Structures are given as structure tokens and as C-alpha cells.
1. How far is helix 219-231 tilted, in degrees, relative to the longest principal axis of the Cα atoms in the chain, given as a value from 0 to 90 rounded to the nearest 10?
2. With θ set to phi - 60°, apply the Karplus curve 6.51 cos²θ - 1.76 cosθ + 1.60 along the stretch 263-271 and write out the HN-Hα couplings as whole Hz, x wherever there is a Gly or Pro.
3. Which value in deg cm²/dmol, rounded to the nearest 500, describes the helix-derived mean residue ellipticity at 222 nm for the chain, given -39,500 (n - 2.57) per DSSP H run of n ≥ 4 and division by the residue count?
4. Work out the charge dipole of the chain with +1 on the Cβ of Lys and Arg and -1 on the Cβ of Asp and Glu about the Cα centre, then indicate which of VAL307, MET129, ALA397 is farthest towards its positive end.
5. Can you give the convex hull volume of the alpha carbon atoms of the chain per residue, in Å³?
6. Restricting to DSSP loop positions (anything but H, G, I, E, B) with no more than 15 other Cβ atoms inside 10 Å of their own Cβ, which trypsin sites (Lys or Arg not before Pro) remain in the stretch 82-146?
7. Across the stretch 334-342, in residue order, what do the Karplus-derived ³J(HN,Hα) couplings come to in whole Hz, using 6.51 cos²θ - 1.76 cosθ + 1.60 with θ = phi - 60° and x for Gly and Pro?
8. What are the residues whose amide H is under 5 Å from the amide H of GLY365, where those residues sit 5 or more places off or on another chain and H is modelled from the backbone?
Amino acid sequence: MRSDGASSCHDLARLFERLGPARRRLAARDDRLIAAQIALCEIPAPTGSETARGACVARLFSELALDVRTDEVGNVVGVREGDEDVEPVVVCAHLDTIFPDGTAITVERDGRQLSGPGIVDNSRGLAAMLAVAESIDGHSLRTRRPIVFAATVGEEGSGDLRGVRHLFESFDRAPASCIALDGAGDERIVTRALGARRCRITYRGEGGHSWASFGVPNPVHAAGAAAARLASVPLPRTPRTTLSVCRIGGGISINAIPCEAWLEVDVRSSSPSVLNRCMSEMEAAARAALREENSRRAPSTTLLSFVIDVIGDRPCGELDVEHPLVQAAIQATSFIGRTAELATASTDANVPISLGVPAIAIGAGGRGGGVHTPDEWYDNTDGSLGVARALTLIVAAAELAAAD
């Protein structure tokens, strides 16, 4: 894939054919890939506690003769040098899962189907990244550009893309492109980065006894009023935008007016301007609820106050469908007999897209379901096709080295 955008379907078809031996080796090693997927899944890795799983990936990277390091935040990075000292291609897959400490993680196997928390998201992406790194060994298969393979921390939930943010801050020069391997599938191509703002609205007052102090402004009443107002905020259909009050709490007893109450709000869109507008609507709703509750207070009682804290901020953006990286992904998908589906999602690709680095996220083969539940499952029927697609796309982005 030429950086000037002049790559063609014919060029990629020729590359796909040249990668035939590598694709056949991938298919022959499929049992090893599945074994790695199971082994990685069974190492707990809640967001913020990815050390053990990261150490396993670091060991496997070392066995593949990559130049390996673990950075300050816990990302495990393995570099395969290219033939030229030029901007690298980044291939990443996140280490963390949404499952808390203490979750029982034992993978059950029934034929080609595996089940267990995290078996898809993202044990599949990690295992596929390792398989690709083994295929691009620097000898039988070399690329012109260096490839940075990164197992990142903090992709899920409260991690707020912490690992990939740090990774991209660490580069002396912007990478040429980035491909995130996330979950299962061989058709989806994430080109639109779904942004998310997560906020906590906190109301505070003096509190008191539910009978003796009645008339003191009640933070829980204000939080409930704010939630009702937020549920009525008009949202655009295009781009699809969501605003959800996801958690609410406060108080210490059934017979005490609380001193504090809070609610947490998740806003999502692929448009920065829409996110900013929703933030303004959120503040207006929170302030209106405050005024409403304070207007009912008894004389001489203390006014409620409120504060909005941003507790998560995932950047958004979009890679044009005509960009060579997207076109290469569409073509690579067709070469394995699938039809590409362009999608919007929140992945590690959000960060490079927001920085102007061409980036997409793709699945790593097979089929899965029940993601983010204890009943998560993965079916490996034709699983090697998705890895072949990933290999083709990564080599196209990193450019096949000239023959000796």
C-alpha cells in the first residue's frame, strides 16, 4: 500500500498471492493460536491489573525475537525492524478485560467453540497479534517499515485508553498507520472512532434528619431531577449519539437527608462538536435541577452546590473511506470471501485517529458472542481466515521488503 494513495486492488491481489505460503503456515499453526488464546484468557487482567498477562505476552514476544520492552504504564511493546528506518506501522491489541478481580476464568471447550469471560475480548486479538508477529519474522517475510506490536493496558471502561495514549505520546515521529486487533470477526472494519465523555455530577448540602431537618435541600432530589432532565435531552440521529445516566447514588440512611448525592453520565458520538454540545446540555440540566431543589428550601437553610467532574474522555474522529488503509482493508476482506462492513466503535484506534494518524480496528477471525458477560463465547470455524486478512493488511501497510 503506497503512502501516496496510489495502491490498487491489483497490487493488493498480487501481495495476497505472494503471501500464500505465510497464509498456509498460519492455517497450519491454528491449533497453537487457539492454545495461546486460551492460555491468555485464563490469566486475569482486570483494567489496572494487567501485569501478569503482560508478562506472558512479553515472554512470547521475546520467543519471537522481537525487541521487547514494557513501558511506564504497563504496555508491552515488541518491535520487528524493517528494511528502512522510516515511520513504523503500529499493530495493537489490548490486554485488559472488564471482569473484576476474583472472577472465575476457566475456558471450556466444545469442538470448535470456546467459552469463558474474555475469550473474545480481547484474548483473540492478542493471540492473533502474536501469530502475525511470528509470520512476519524478518527473514522469510520482511517489511520495509518497522512494525511496532503493542499489547496495551487500560482500553476498557475506566481505563480510558490510557495505554494507547501513552504509546502514541512516546513516539519521536508519528507512525505511518495503526491497526488495532480487537475481538473476533472477519468482516467489520472500524473507521469511525466513537468518542465518549463520562462525567460525575455531584450535589452537596448540609443534610440532616429526615423529619427534624425537613426543608433542607436534598441532594438526592436534585440528582433525581437531573437524571430526569438528562433523559429528555434531544439527541441527533446523525451521527448517532447516546446520553445515558448509568449510575446514581448517595445518602447514608433511610431516615437521613443526604449531605451528598451523585450520578454518572455516559455520552457517546463520533462527532466532537456533538459531544461538546451534549456537555453543555448536561451542565444546563444539572444547573436547572439545582435551582429547582434550592427553590423549595426552608428559610435560612444552606443552598445546595454542585460540581461536574470529567472521569473519562475518549477522543473521536473518522478515517475517510477513500483512504488507502480503508481501501486495503476492504480489499483484503474480499480476498478471504467476506464482505466488508464499515463500523463505528470505541477501540484503541480512537487515539491515533484523533491525532491524525490513519487507523482502523478489525476483528481477528472466527465468531463470538456474549461479549462483556460471563457467558462470552468464541467459535473458531474459519478462524484462520480473519488472521490471514490481518496479515495481508499489516504487510500492505508496512510494505513488503524488496527481494534480495
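1. 50
2. Coupling constants for the stretch 263-271: 9, 10, 10, 10, 10, 9, 6, 8, 10 Hz.
3. Counting only the DSSP helices, I get -10500 deg cm²/dmol.
4. Farthest towards the positive end: VAL307.
5. 146
6. ARG112, ARG144
7. Per-residue couplings from phi come out as 5, 5, 9, x, 10, 10, 5, 10, 7 Hz.
8. Answer set, sorted by chain and number: GLY185, ASP186.
Values quoted throughout were computed directly from the atomic coordinates according to the rules given, and no laboratory measurement underlies them. The structure displayed is predicted, hence computed values, not measured ones. FYI the Cβ positions are ideal-geometry reconstructions off the backbone, even for glycines, and counts take in every protein chain you see.
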